[in-house]
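Derivation of every value follows stated rules applied to the coordinates shown; laboratory data play no part. Not measured: the values here are computed from a predicted model. Cβ coordinates were reconstructed from backbone atoms using ideal geometry, including for glycine residues, and neighbour counts include every protein chain displayed.
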């Protein structure tokens with residue numbers, strides 16, 4: 001009986017240790033997978049940015065300029081969110097103001113991409129429905145202005161949340177893990193965040209639907225499936241697909257709420273599938289589909305790998 005009891009105690013002691021080692025292996029495997037995927041993503045972006053810098057035709061086109069803004073934006077978003085994920089996984093404490101700053105920047109970067117897609121859809125709409133005015137309206141300067149205004153709008157929204165935090169909290173200069181709950185000191189913050197997300201994805205969805213319907217009406221009048229209008233319509237639908245990919249990141253919050261808390265390796269799992277994979281796919285799909293970009297990508301790949 002004594003030997004049996006001792007064996008049982010040893011087994012029950014070793015089981016959590018073995019389970020903990022398994023979780024560590026899974027966690028580090030996903031970290032390595034994300035890092036490898038991110039390296040390929042960075043390589044692709046480096047190629048695209050090189051193409052953009054050496055090709056005047058692309059630099060002078062508002063649509064391609066917005067596309068490259070999206071690439072750079074998503075790169076910084078993945079960097080910051082991956083850092084925040086590691087902070088949570090390894091229980092690294094940071095001052096609350098720094099946590100909020102990192103959260104605000106990642107949230108702004110997250111919302112800039114949908115607005116960027118809306119502006120790209122509007123560019124296609126102007127090019128097809130008002131071709132005579134395109135040269136005047138769809139310029140790189142206007143694209144820069146639209147991108148800057150997007151940042152200004154989101155900075156104002158998060159600035160209001162920051163003011164609310166400092167006015168509501170008694171002590172913000174403490175160390176905490178950078179989680180969503182750690183930054184909530186006033187219920188109004190949830191209202192601001194809900195309004196921000198609703199405004200972002202609601203307005204972008206309306207713009208994409210509106211531009212697609214208008215472009216398809218022009219394509220129907222032309223009655224040619226190979227027309228420029230039909231191609232523009234498919235481009236706008238691609239933007240809608242990209243918007244859905246962006247929205248998939250919101251699923252991580254839902255999954256985090258529903259999954260049992262004991263599954264401690266799951267956060268990095270759905271971070272990979274809901275945040276990284278969509279942003280890895282979006283530029284690749286867009287870059288391969290666009291004839292001009294595809295031609296330059298093939299040229300660059302042939303130059304570097306032969």
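In region 95-137, which residues have a backbone nitrogen under 19 Å from the label point lying 7 Å from residue 220's Cα in the Cα-to-Cβ direction?
Answer for region 95-137: 125-126, 128-130.
Where the centre of each part is set by its Cα atoms, how far does region 124-185 sit from region 39-66, in angstrom?
After rounding, the separation between the Cα centres reads 23 Å.
When averaged across all projection directions, what area in nm² does the alpha-carbon convex hull of region 21-301 cover? Before the final figure, lay out each step's value.
Working: hull surface 66.7 nm².
Mean projected area of the Cα convex hull: 16.7 nm².
What percent does the relative contact order of region 21-301 come to when contacts are Cα pairs within less than 8 Å and at least six residues apart?
Numbers: 240 pairs, mean separation 74.1, N = 281.
Averaging sequence separation for qualifying contacts and normalising by length gives 26 percent for region 21-301.
Can you tell me how much longer the chain between residue 24 and residue 199 gets when fully stretched, taken as 0.36 nm per residue apart minus their C-alpha distance, in nm with one decimal? Intermediate results must be reported in sequence, preceding the final value.
Details: separation 175, 0.36 × 175 = 63.00 nm, distance 3.95 nm.
Additional length available on full extension: 59.0 nm.
Give the calculated FRET efficiency between residue 244 and residue 210 to the nearest 0.05, with a Förster radius of 30 Å applied to their Cβ-Cβ distance. Spell out each step's value before the answer.
On the way: r = 17 Å, r/R0 = 0.57.
Working from the Cβ atoms, E equals 0.95.
Assuming R0 = 30 Å, what is the FRET efficiency of residue 190 and residue 72, from their Cβ-Cβ distance, to the nearest 0.05?
Values: r = 30 Å, r/R0 = 1.01.
Efficiency, from the Cβ-Cβ distance: 0.50.
In region 189-206, whose amide N lies under 17 Å from the spot 7 Å out along Cα-to-Cβ of residue 129? List them in ranges.
Answer for region 189-206: 203-206.
Tell me, what is the FRET efficiency for residue 163 and residue 32 to the nearest 0.05, using R0 = 41 angstrom and their Cβ-Cβ distance as r? Don't skip to the answer; put the middle values down first.
On the way: r = 41 Å, r/R0 = 0.99.
With a Förster radius of 41 Å, E is 0.50.
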